[in-house]
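A.B. asks: Dropping a structure here in structure tokens format, bear with me for questions.
Computed from the coordinates by the stated procedures, all read-outs in this text should not be read as laboratory data. What you see is a predicted model, and the numbers here were worked out from it, not measured in a lab. With ideal geometry, Cβ positions are generated from the backbone for all residues, glycine too; neighbour counts draw on all protein chains shown.
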There are 2 protein chains.
Amino acid sequence: MRDVARLAGVSTATVSAVLNGKGTVSPELTLRVEKAMQALDYHPDQIARSLRVGRSNVIGMIVPDVSNLFYAEILRGVEESCQKIGYSVILSGSSDDSGNERRHLETLYARRVDGVLLASSVSEAAYDRLTLRRFPLVFVDSVPAGVTSGAVVVDNAEAAFVATNHLIGLGHRRIAIITGRLDRSVGLDRMNGYRRALREAGIWIPDDFVMHGDFHVESGYKYGAELMRLPTPPTAIFCCNNRMTLGLLRALSEQRINCPNDVSVVGFDDADWATSFTPRLTCVAQPTYEIGKRAIGMLLKKIDAADADGAGQEPNVILHAELQVRESTGHPRDK
Amino acid sequence: MRDVARLAGVSTATVSAVLNGKGTVSPELTLRVEKAMQALDYHPDQIARSLRVGRSNVIGMIVPDVSNLFYAEILRGVEESCQKIGYSVILSGSSDDSGNERRHLETLYARRVDGVLLASSVSEAAYDRLTLRRFPLVFVDSVPAGVTSGAVVVDNAEAAFVATNHLIGLGHRRIAIITGRLDRSVGLDRMNGYRRALREAGIWIPDDFVMHGDFHVESGYKYGAELMRLPTPPTAIFCCNNRMTLGLLRALSEQRINCPNDVSVVGFDDADWATSFTPRLTCVAQPTYEIGKRAIGMLLKKIDAADADGAGQEPNVILHAELQVRESTGHPRDK
DNA sequence: TTGAAAGCGCTACCAC
DNA sequence: GTGGTAGCGCTTTCAA
């Protein structure tokens, strides 16, 4: 920068003014400075700038699993929005471990990110007073119990309710569920939606139709296989995330159980493969890209509010998922 | 930091020494400083540190598509390795656009990242003298023509050769291909491997068995459909990436064409869904996680070499993909 | 072994 | 309009 100033015959202050479009520089000097910058292939050092202005234009994002398409899609929404406004995003994967999550939170703080997006948080550290004072934070996808602001979530209970009702409407009575982790709002809400639908339809479900999965492929596989080996297996299964659905479908395939003839399947989370399967998968499609966009929108609001010393309490954004009815659901055969 | 120094009754230099484990500080003072840091919940400002030492401990990674599982898996390898050594990664998606790619390169430079990982680069900007002087850069997945150092790639030609030979070995003679973009090494090499296998087996292939796809779902769908509508359709299709395979499978499903009875399919890239499909998909599995790990390893070497003013010419790392034979390939029926 | 002070590259304030 | 300069929080000589 000094070199630029020297070459243009001005002060560094002027160069800075040109850079930031302060408008108080004469056209003539502006041109000279720009020429000099070009000639020297000068690119302002954002690090130095950040240090000075106390703002990094970087946000952090923590997800449980980088290679889960669901988070990848959210990330895409986040990243594209960030690009437009000159933000960069540091991504870290927590592997569903609260220690990792906490560590990442510390790292991000040390790097002085302007805010962080926390997907499916598994740690209480996230809403420590201390952490919250460090930087604006918005919860994505899953929200800690009792938190009514600063989160972008989907109405999971409603979505599960609709999905289950779809099965009931087709005539199913023996409807099983493979739940997600119940210590997460996403997992619990989906199960509750399912239960409510059954209750309102006056359907009673045996305990062994409720399988407690953990969002991973293996649990979908294992519980799917178990369900179909029951003396009277379900005629429909509601599976609470994309990974487990993959496991479930694998189990069905191995047992040569035909879907939807022998059993109907409703998955949660749409995925690129959902329409390539035979049969095409009926599932609850979450607006992933939109989640990402809204989350970053809320975070920016919070960042601005923090700058302006406003309280910055953004009420939760609640988005709605849409049931995509395709061919993996049909009437029960032995009705 | 000043506060910590004051509270501990020492100078900031001493605090710094403690932080960096310089070892020249008496145990007594060390303890006092640590106490003070704790008491004030002090976390050193990496931004300031970066400015001073000229090293950010951040790397950038540019991928064409954040939500393609293939890149997501590589990213996972990268990210996990980075965590271990205290690096953070800024992720950007180029959407296969060279303008975006160039812009991200500029941004990353402005942020003074220590190096960048560039996946499937589409832009010549990446190997401009200028860009290369800015920071260590390693190419991942796809390598620009003629570049023999600084890249981590898979031997795509060999992988395609093996995959095609697998089909030939099963008795197929009418083997079609849906290629990727031929302006990328990945795309071209795979087609060449396919061609070599056919040539060596003395099999001649009509031109309309070679479909030029672009790595996206739609092209797999479109060309898959076209292939199967040919007067004499192929008995096997080799499909050059995960996305296009999804499209192809959808086309087959819609046309009620049975795989592998009517046509065998070999995909490129393994995916979580590959073993959940019926039939389970035979495909070329790239060592994605390993690619990520090796890439970051090479980048770090380059970074260190750059620090040490060494030339830092790391020869290309060439990894090998493995053919996963499953049920989507079988003998041709009408042989 | 410890501390004083310079300086990384930038911005913002104030004086001209 | 423009420039001089202090200082963001840290590390790193160098002197004590």
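A.B. asks: P(r) for segment A:206-278, please, calculated from all Cα pair distances in 5 Å bins and given in %.
C.D. replies: Over segment A:206-278, the share of Cα pairs per 5 Å bin runs 4, 17, 32, 28, 15, 3, 1 percent.
A.B. asks: What is the distance in Å between the Cα centres of segment A:1-75 and segment B:24-58?
C.D. replies: The two parts, judged by their Cα centres, are 27 Å apart.
A.B. asks: Any idea what diffusion coefficient chain A gets from Stokes-Einstein, in µm²/s, Kirkwood Rh on alpha carbon pairs, 20 °C, 1.002 mPa s?
C.D. replies: 96
A.B. asks: I've got another one for you. Report the far tail of the P(r) of the protein assembly as shown, meaning the percent of Cα-Cα pairs longer than 49 Å.
C.D. replies: Every Cα pair in the protein assembly as shown considered, those over 49 Å come to 21 percent.
A.B. asks: Continuing with the same structure: Using θ = phi - 60° and the Karplus relation 6.51 cos²θ - 1.76 cosθ + 1.60, list the HN-Hα couplings for segment B:294-305 in order, rounded to whole Hz, with x at every Gly or Pro.
C.D. replies: 5, 4, 5, x, 5, 4, 4, 4, 4, 5, 4, 4
A.B. asks: Label segment A:156-286 by shape, choosing from rounded, prolate and oblate, from the square roots a ≥ b ≥ c of the eigenvalues of the Cα gyration tensor; if a/c is under 1.5 it is rounded, and otherwise prolate applies when a/b is larger than b/c, oblate when it is not.
C.D. replies: Verdict is rounded for segment A:156-286.
A.B. asks: Further question: What is the angle, in °, between the Cα long axis of helix A:69-84 and the longest principal axis of the Cα atoms in chain A? Nearest 10 is fine, range 0 to 90.
C.D. replies: So the inclination is approximately 20 degrees.
A.B. asks: What's the exposure ranking of B:GLU158, A:GLU218, B:GLU79, going from fewest to most Cβ atoms within 10 Å?
C.D. replies: So the residues, fewest neighbours to most, are A:GLU218, B:GLU158, B:GLU79.
A.B. asks: Going down the table (A:LYS22/A:LYS293; B:LYS222/B:LYS293; B:LYS22/B:LYS84; A:LYS35/A:LYS84), which pairs top 32 Å between alpha carbons?
C.D. replies: The pairs that break the limit, which is 32 Å between Cα atoms, are B:LYS222/B:LYS293.
A.B. asks: May I ask for the distance between the Cα centers of segment A:202-242 and segment B:253-267, given as a whole number of Å?
C.D. replies: Here the two parts' Cα centres lie 30 Å apart.
A.B. asks: I would also like to ask the following. With the contact rule set at Cα under 8 Å and sequence spacing of 6 or more, what percent relative contact order holds for chain A?
C.D. replies: Once divided by the residue count of chain A, the mean separation gives 17 percent.
A.B. asks: Please order B:THR275, B:THR148 by the number of other Cβ within 10 Å, starting at the fewest.
C.D. replies: So the ranking, lowest neighbour count to highest, is B:THR148, B:THR275.
A.B. asks: At A:HIS320, label 7 Å along Cα→Cβ: distances to the other copies, nm, ascending?
C.D. replies: 5.6
A.B. asks: What is the set of long-range amide H partners of A:ALA176 at a cut-off below 5 Å, with H atoms built 1.01 Å from backbone N?
C.D. replies: Residues meeting the amide H criterion: A:THR235, A:ALA236, A:ILE237, A:PHE238.
A.B. asks: Averaged over all directions, how much area does the convex hull of the C-alpha atoms of segment B:76-214 cover when projected, in nm²?
C.D. replies: The number I arrive at for segment B:76-214 is 10.2 nm².
A.B. asks: Work out from phi, with θ = phi - 60° and the Karplus expression 6.51 cos²θ - 1.76 cosθ + 1.60, the ³J(HN,Hα) of each residue of segment A:243-249, listed in order in whole Hz, and give x for Gly and Pro.
C.D. replies: 4, 5, 4, 4, x, 4, 4
A.B. asks: Neighbour counts of other C-beta atoms within 10 Å: give me B:VAL33, A:VAL138 arranged from fewest to most.
C.D. replies: So the ranking, lowest neighbour count to highest, is B:VAL33, A:VAL138.
A.B. asks: Can you list the HN-Hα couplings for segment B:97-110, worked out from phi with the Karplus curve (6.51, -1.76, 1.60; θ = phi - 60°), rounded to whole Hz and with x for Gly and Pro?
C.D. replies: Result, ordered by residue: 10, 6, x, 4, 4, 4, 4, 5, 4, 5, 4, 5, 5, 4 Hz.
A.B. asks: Continuing with this model, one more query. Return, ordered by residue number, the residues of segment A:260-286 whose backbone nitrogen is under 19 Å from a label point located 7 Å along Cα→Cβ of B:GLU254.
C.D. replies: A:271-283
A.B. asks: Suppose every Lys and Arg Cβ carries +1 and every Asp and Glu Cβ carries -1, with no other charges. What dipole size does segment A:123-277 come out with about its Cα centre, to the nearest 20 debye?
C.D. replies: 160
A.B. asks: Among A:PRO233, A:ALA36, A:GLY146, which residue has its Cα positioned farthest towards the positive end of the charge dipole of the protein assembly as shown, with +1 placed on the Cβ of Lys and Arg, -1 on the Cβ of Asp and Glu, and the dipole taken about the Cα centre?
C.D. replies: Positive-most Cα among the choices belongs to A:ALA36.
A.B. asks: Of the listed peptides A:254-261, B:8-15, B:23-30, what is their order by residue-averaged count of other C-beta atoms within 10 Å, with the highest listed first?
C.D. replies: Peptide ranking by packing, descending: B:8-15, A:254-261, B:23-30.
A.B. asks: Next question, about the same structure. Which whole number gives the average, over all residues in B:52-61, of C-beta atoms from other chains lying within 10 Å of the residue C-beta?
C.D. replies: 2
A.B. asks: While we're looking at this one, here's another question. Nearest 500 deg cm²/dmol is fine: what mean residue ellipticity at 222 nm does the protein assembly as shown get from its DSSP H runs of n ≥ 4 alone, each adding -39,500 (n - 2.57), divided by its residue count?
C.D. replies: About -14000 deg cm²/dmol.
A.B. asks: Note the distances from A:LEU182 to each other copy's matching label point, with points 7 Å along the Cα-to-beta-carbon direction, in nm, sorted shortest first.
C.D. replies: 5.9
A.B. asks: Taking 20 °C and 1.002 mPa s as the conditions, I'd like the Stokes-Einstein D for segment A:2-44 in µm²/s, using the Kirkwood hydrodynamic radius from alpha carbon pairs.
C.D. replies: For the chosen part, D equals 218 µm²/s.
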